[in-house]
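Report on the structure given below.
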Amino acid sequence: MKPDFSKGLIPAIIIEDQTDDVLMLAYMNEESFNKTLETRTTWFYSRSRQSLWNKGETSGHIQKVKKIATDCDQDTLLIRVDQTGPACHTGAHSCFFNVIVEEEQA
């Protein structure tokens, strides 16, 4: 099943395959999706630069694709990867480290 790119960009949620950690969210267009399939590394579309980018191309922190799934509407991707190094451009393992609410432990 292919994702529905009829409206342009779709979100791609990136999960580390071994730990189930949510690493990042980025956007893909049809071209970046096809390059991801071809190379088995993640390619995204940068909204700010308006161009494709290959995750880890300059940092070496590549993401090797293990599995790609779509949601029920085929308008969001869930991509499981083997992550080399940190996923976040800040150097953090995951981009999701700013906690807003956390349930207290009893």
Please verify whether segment 3-18 includes one or more residues that are open to solvent by 40 Å² or more (accessible area, probe 1.4 Å), part of a loop (DSSP other than H, G, I, E, B) and aliphatic (A, V, I, L, M).
-> yes
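It is to be established whether one or more residues within segment 33-55 are under 23 Å from Val99 (Cβ atoms) and under 10 Å from the mean Cα position of the chain (by Cα).
Within segment 33-55, the subset under 23 Å from Val99 (Cβ atoms) is none.
For segment 33-55, residues under 23 Å from Val99 (Cβ atoms) and under 10 Å from the mean Cα position of the chain (by Cα): absent.
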Determine if segment 17-27 includes at least one residue that is without any contact (Cβ under 8 Å) to a residue 40 or more places away in the chain, within 12 Å of the chain's Cα centre (by Cα) and under 14 Å from Gln83 (Cα atoms).
-> no
What about Glu102, is it assigned to a loop (DSSP other than H, G, I, E, B) and more than 14 Å from the chain's Cα centre (by Cα)?
-> yes
Which of the residues spanning segment 60-106 are among the basic types (Lys, Arg) and either open to solvent by 100 Å² or more (accessible area, probe 1.4 Å) or at pLDDT below 95 (or both)?
-> Lys64, Lys66, Lys67
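Please tell me if Ser46 is surrounded by 15 or more Cβ atoms within 10 Å (Cβ to Cβ) and among the hydroxyl-bearing types (Ser, Thr, Tyr). Before you say what the answer is, go through the steps one by one.
Details: surrounded by 15 or more Cβ atoms within 10 Å (Cβ to Cβ): no; among the hydroxyl-bearing types (Ser, Thr, Tyr): yes.
No: the conditions fail for Ser46.
Based on this model, can you work out whether Ser32 counts as open to solvent by 50 Å² or more (accessible area, probe 1.4 Å), among the small types (Gly, Ala, Ser) and more than 12 Å from Leu77 (Cα to Cα)?
Numbers: open to solvent by 50 Å² or more (accessible area, probe 1.4 Å): no; among the small types (Gly, Ala, Ser): yes; more than 12 Å from Leu77 (Cα to Cα): yes.
For Ser32, the condition - open to solvent by 50 Å² or more (accessible area, probe 1.4 Å), among the small types (Gly, Ala, Ser) and more than 12 Å from Leu77 (Cα to Cα) - is not met.
The values are calculated or read from the model by the stated rules, or taken from the named source; none is laboratory data. None of these values were measured; they are calculated from a predicted model. Using ideal geometry, Cβ is built from the backbone for each residue, glycine included, and neighbour counts are taken over all protein chains shown. Areas reflect the complete protein model, heavy atoms only, side chains present, ligands, DNA and RNA absent. Shrake-Rupley method; radii C 1.70, N 1.55, O 1.52, S 1.80 Å.
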